[in-house]
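The values are calculated or read from the model by the stated rules, or taken from the named source; none is laboratory data. Please read these numbers as outputs of a predicted model, since none were measured by experiment. Here the Cβ is made from the backbone with ideal geometry for all residues, glycine too, and neighbour counts use every protein chain on show. The area values use the complete protein model at the heavy-atom level, side chains included, leaving out ligands, DNA and RNA. Shrake-Rupley method; radii C 1.70, N 1.55, O 1.52, S 1.80 Å.
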Amino acid sequence: MHPRIEASFKEVCEEYAREMEKLAFKMLGLISLSLGLPENRFNLFFEESTTFIRLNHYPPCPIPHLALGVRCQKDAEALTILAQDDVRGLEVKQKTDGEWIRVKPTLDAYIINVGDIIQVWSNDTYESVEHRVMVNSERERFLIPFFFNPEHRVWVQPLEEMTKGEKPKYTTWENSLLRESTIISRSLM
């Protein structure tokens, strides 16, 4: 890549990441308020966040029923903010009957996935959604997921305010261990 194009692309990506981080903090604040917590309850966990962006491209696949763009999974992160094009492919699994429902793309909108970390912090008030990405036989598809993660040193456990004197539904683990176990389990599949 030409150095001037590379520098410009880097600047655009960095600006996009800053804007996604602002949106993620806004979403965290709304989640906090919905749980009856102070708006900034989660902010300290993200002082040195380990956030990242992925640029995903799925070329057309002549036999899409035999391929997955991304296998069924839940996001390990706190939040995922997904920008997508107009090509359908994202599916979510209904909890009630296990049916896969295709998500209709909405232009100029983001899809927000609550991840495993929010599920644990909220002690199951919020749930991480099982989802997958299907490929298309005729059109390529582009996605830009922004994965919002707390610092590695953060211990992930149900917040005391969310257990209300009950036994927490999860044990405590360090965020870096969650990532390692997720990466290991994904690589074994």
Among SER137, SER187, which is more than 18 Å from the chain's Cα centre (by Cα), small (Gly, Ala, Ser), at pLDDT 85 or above and farther than 25 Å from LEU33 by Cα?
SER137
Could you list, in sequence order, all residues of the stretch 93-127 that are more than 27 Å from LEU159 (Cα to Cα), touching a strand residue (DSSP E or B) at 6+ places or on another chain (Cβ under 7 Å) and among the aliphatic types (A, V, I, L, M)?
ILE101, VAL103
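Give ARG71, ARG54 a once-over and let me know the one that is within 16 Å of the chain's Cα centre (by Cα), basic (Lys, Arg) and at pLDDT below 90. Reasoning before the result, please.
On the way: ARG54 fails: at pLDDT below 90.
Among ARG71, ARG54, only ARG71 is within 16 Å of the chain's Cα centre (by Cα), basic (Lys, Arg) and at pLDDT below 90.
Just for strands (runs of 3 or more DSSP E) wholly inside the stretch 52-143: which have at least 3 residues that are open to solvent by less than 50 Å² (accessible area, probe 1.4 Å)? Let's see the steps before the verdict.
Working: elements: 56-58, 68-73, 79-84, 90-93, 100-102, 111-114, 131-134.
Once the strands (runs of 3 or more DSSP E) in the stretch 52-143 are filtered for at least 3 residues that are open to solvent by less than 50 Å² (accessible area, probe 1.4 Å), what remains is 68-73, 79-84, 90-93, 111-114, 131-134.
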